[in-house]
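The values are calculated or read from the model by the stated rules, or taken from the named source; none is laboratory data. Quantities reported herein were computed from a predicted structural model and do not represent experimental measurements. Glycine also receives a Cβ, built like all others from the backbone with ideal geometry; neighbour counts cover every protein chain displayed.
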Amino acid sequence: MGVNTLEAIKADARTVREILDKNKYEIDVFQREYEWQKKQIGQLLADLESRFMSNYKQSHERQDVQRYSRYFLGPIIISLKDNNRTIIDGQQRLTSITLLLMYLNNLQKSGKESVEINDLIFSERYSVKSYNLQIPDRQECIDALYNNKWDQYDGTNKGESVKNILARYQDIVEVFPDELKGRTLPYFIDWLIDNVTFVEIKTYTDEDAYTIFETMNDRGLNLTQTEMLKGYLLSNIDPPGQKVEVNELWKRRIFELKQIDKEEDLEFFKCWFRAKYAQTIRPGRAGAENEDFEKIATRFHSWMRENKASNGLVGSSDFYHFTKNDFDFYSRLYLKIDKASTSFETTLANIYYLEERGFARSFYFPLLTASITELDDERTIRKKLALTSRFLETFLVYRAVNGRTLAYSSIRYTMFSLIKAIRNRSATELAGVLKDEVKHFDEKLDGIMSLALHGQNRRFIHFLLARITRHIEEGCGVASSFVDYVNKSNNPKRFEIEHIWSDKFEEHRDEFAQILDFQNARNKIGDLILIPGGFNQSYGSLPYEQKLPHYYGQNLLARTLSPTCYENNPSFLRYVDELKLPLRPYGHFKHKDIMERQRLYQRICEQIWNLDAFDEIANS
């Protein structure tokens, strides 16, 4: 007898524990790949941290966590058929939560207190382990992540889902908030698995499952925040002709924004309103209420309506000007910033660098926007963008070389305070404010002297080597392309981090008694350069003396190791002399030479991110 459809379709609130504990899920072969990007994983972590920290207090015991507020992750649709659970909708979120659980499981291994969450990741029968998300082509990658060997896994020639899974796990490693580590970690894990919920919609046939999926996604869609804001603004404009005019403008611009991403219009309004109107931010204490900064991120349309008078919206003419002029100006500015973030342009290169480093757009787009006004001409706008993006890249690099996090909670107050400090400033004023901020950084570039490659900073080290290489090549008039150095396409010419020393401890016993000391020295940035992947495969395991002649055929930073680079090369020698760089060739490469290159890299970084550039840009 068949199952009654009305009885079979059920929707229940389920916690992460209830969804994943000893349950196995499959996905249909025709479903889309795992597509989340750093933007989505970063927003998820920021939201989870914000909700958890609004409840957490140092005085709490772990049992107090059960009284914390819940966080809703959205619906998932499951088809139960032939004793199998098939995910019809929700694999992006379930996969992302599983990646987070694996990271947390690895992280808590070094702590004094832990939470048992293995059953939410895999189950085991007869000593055979199977993951709760049963997707065969991802098994090898998931194994590497679960066993904390993700930095040893090569996803180069794998499918799109595997590459994205590996990249998103790396994102979690990089941006997971320090505030949730240490003593707080088991509290956060308890909260995540028992207070973060889905709405689980279960059916017993694929037909019912896909009918529900289509209904939720294609019919009766709720108005978006953008559409509600548009309705509110246009309803306050009196002359019908003006309504028609701004409606046409609105449709054109929203269409352009959606060409970037289907929800980019939402990101634009958050950016604009935070940059130009937000006055308050939620305090860090537990239980504090959301303020402007948070309300704009969650319900910007209602926030604007509630704050219309303080934001200058009183009469019909104000609403008309707001949509006809302000909306037009700042949406075009947003599109300009987006273009600079994805297409390398020399005068706005720092914006490209920020995007390449994966710096959250929710932070850097509002900051780039904050100082710019409708009265600024194109030249002034570009100056302000160049100044602010340069500051932001400097901020990012200073923190990263000193091992400081860029997690949401760690920098949100700094970013918000800076937005207010630079809002509507002239280019000269902006340069002064930003320059003063850099002077008062807690971190300095001397952190480079201890900088070394490890699992959590590989992408930053690659970025830093690319910046250093391009800088000296540009200074010497050598053709150079930062874009090529960071290109992630799958081909033998893709640049990879090269250890100057091969991984052979026995060749360095004259300097090291312990292999760990050798490995620590080998991972210092002074022992690293960028080389095409094909080179590494051909020569990477050779002793330095045998690799040296081949380095001369590579980029300038690699060539500086070779004596040939210093022969009949006047532009290069003049550049070295003028900037007093400690560059020299190395016939042999010892531990002291690594540290000498370490100092060289620091000197080059001090030139790249020097304070005088702010005045030069402002006065150009």
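Please pick out the residue among Leu192, Leu185, Leu229 that is at pLDDT 90 or above and in contact with a His (Cβ under 6 Å, 6 or more places away or on another chain).
On the way: Leu192 fails: in contact with a His (Cβ under 6 Å, 6 or more places away or on another chain); Leu185 fails: in contact with a His (Cβ under 6 Å, 6 or more places away or on another chain).
Answer to the selection: Leu229.
Scan segment 518-529 and tell me whether some residue there is over 20 Å from Val401 (Cβ atoms) and not assigned by TED's automatic domain parsing to the domain that holds Tyr398. Among the residues of segment 518-529, at least one is over 20 Å from Val401 (Cβ atoms) and not assigned by TED's automatic domain parsing to the domain that holds Tyr398, which makes the answer yes. Kindly indicate whether any position in segment 69-89 is of a type in the set (A, V, I, L, M), in a helix (DSSP H, G or I) and either in contact with an Asp or Glu (Cβ under 7 Å, 6 or more places away or on another chain) or in contact (Cβ under 8 Å) with a residue 40 or more places away in the chain (or both). No; the residues of segment 69-89 include none that is of a type in the set (A, V, I, L, M), in a helix (DSSP H, G or I) and either in contact with an Asp or Glu (Cβ under 7 Å, 6 or more places away or on another chain) or in contact (Cβ under 8 Å) with a residue 40 or more places away in the chain (or both).
For segment 333-340, the condition of being surrounded by 22 or more Cβ atoms within 10 Å (Cβ to Cβ), in contact with a helix residue (DSSP H, G or I) (Cβ under 9 Å, 6 or more places away or on another chain), closer than 21 Å to Ile608 by Cα and in contact (Cβ under 8 Å) with a residue 60 or more places away in the chain holds for none of the residues. Residues that are closer than 30 Å to Thr156 by Cα and modelled with pLDDT under 95 do not occur anywhere in segment 601-611.
Would it be correct to say that Lys251 is buried (at least 17 other Cβ atoms within 10 Å of the Cβ), part of a helix (DSSP H, G or I) and basic (Lys, Arg)? Considered against the rule, which asks whether it is buried (at least 17 other Cβ atoms within 10 Å of the Cβ), part of a helix (DSSP H, G or I) and basic (Lys, Arg), Lys251 comes out as no.
Name the residues in segment 80-112 that are crowded, with 18+ Cβ neighbours inside 10 Å and of a type in the set (Asp, Glu), would you? Asp89, the sole residue that qualifies.
Among the criteria (1) at pLDDT below 85; (2) within 29 Å of the chain's Cα centre (by Cα); (3) of a type in the set (Ser, Thr, Tyr), the one Tyr71 does not fulfil is (1).
Within segment 272-291, being in a helix (DSSP H, G or I) and either surrounded by fewer than 19 Cβ atoms within 10 Å (Cβ to Cβ) or over 24 Å from the mean Cα position of the chain (by Cα) (or both) holds for one residue alone: Lys276.
Given the structure, is Ile594 in the same structural domain as Ile531 (by TED's automatic domain parsing), among the aliphatic types (A, V, I, L, M), touching a Lys or Arg at 6+ places or on another chain (Cβ under 7 Å) and part of a helix (DSSP H, G or I)? The answer is yes for Ile594.
The set of residues from segment 396-422 being part of a helix (DSSP H, G or I) and either farther than 23 Å from Ala278 by Cβ or not assigned by TED's automatic domain parsing to the domain that holds Cys271 (or both) comprises Val397, Tyr398, Arg399, Ala400, Val401. Just one of the listed residues (Ser235, Ser310) is surrounded by fewer than 20 Cβ atoms within 10 Å (Cβ to Cβ) and more than 22 Å from Ala421 (Cα to Cα), namely Ser235.
Screening Arg574 against (1) charged (D, E, K, R); (2) in a helix (DSSP H, G or I); (3) in contact with a Leu (Cβ under 8 Å, 6 or more places away or on another chain) leaves a single unmet condition, (3).
Considering Phe518, Phe482, the condition of being among the hydrophobic types (A, V, I, L, M, F, W, C) and touching a Lys or Arg at 6+ places or on another chain (Cβ under 7 Å) is satisfied by Phe482 alone. When segment 512-533 is filtered for residues that are under 22 Å from Ala479 (Cβ atoms), at pLDDT 95 or above and β-branched (Val, Ile, Thr), only Ile529 remains. The residue list Phe495, Phe460 contains one member that is among the hydrophobic types (A, V, I, L, M, F, W, C), more than 21 Å from Leu581 (Cβ to Cβ), buried (at least 17 other Cβ atoms within 10 Å of the Cβ) and more than 20 Å from the chain's Cα centre (by Cα), which is Phe495. In segment 301-312 there is no residue matching the filter, namely being modelled with pLDDT of 90 or more, under 23 Å from Glu378 (Cα atoms) and part of a helix (DSSP H, G or I).
Yes or no, residue by residue, for (1) charged (D, E, K, R); (2) out of contact with any strand residue (DSSP E or B) (no Cβ under 6 Å at 6 or more places or on another chain); (3) over 25 Å from Asp154 (Cα atoms); (4) not assigned by TED's automatic domain parsing to the domain that holds Asp503:
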| position | (1), (2), (3), (4) |
| --- | --- |
| Ile531 | no, no, no, no |
| Leu542 | no, yes, no, no |
| Gln546 | no, yes, yes, no |
| Gly553 | no, yes, yes, no |
| Arg559 | yes, yes, yes, no |
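Every residue, every condition in (1) surrounded by fewer than 19 Cβ atoms within 10 Å (Cβ to Cβ); (2) without any contact (Cβ under 8 Å) to a residue 60 or more places away in the chain; (3) of a type in the set (Ser, Thr, Tyr); (4) within 30 Å of Asn555 (Cα to Cα), yes or no:
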residue	(1), (2), (3), (4)
Ile422	no, yes, no, no
Lys439	yes, no, no, no
Gly447	yes, yes, no, yes
Gly455	yes, no, no, yes
Leu465	no, no, no, yes
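Considering segment 355-375, the residues that are over 17 Å from Gly432 (Cβ atoms) and modelled with pLDDT of 95 or more include one that is surrounded by the most Cβ atoms within 10 Å (Cβ to Cβ), namely Leu368.
If I filter segment 499-518 down to residues being free of Cβ contacts under 8 Å to residues at least 12 places away in the same chain and within 35 Å of the chain's Cα centre (by Cα), which single residue comes out as surrounded by the most Cβ atoms within 10 Å (Cβ to Cβ)? Among them, the one singled out is Asp517.
Among the residues of segment 204-226, the one identified as at pLDDT 80 or above and either within 17 Å of Pro75 (Cβ to Cβ) or surrounded by fewer than 17 Cβ atoms within 10 Å (Cβ to Cβ) (or both) is Thr224.
Taking the condition in contact (Cβ under 8 Å) with a residue 60 or more places away in the chain and assigned to a helix (DSSP H, G or I), does Lys243 pass? No. A count restricted to segment 534-571 and to residues that are within 20 Å of Glu507 (Cα to Cα), part of a helix (DSSP H, G or I) and at pLDDT below 90 stands at 4.
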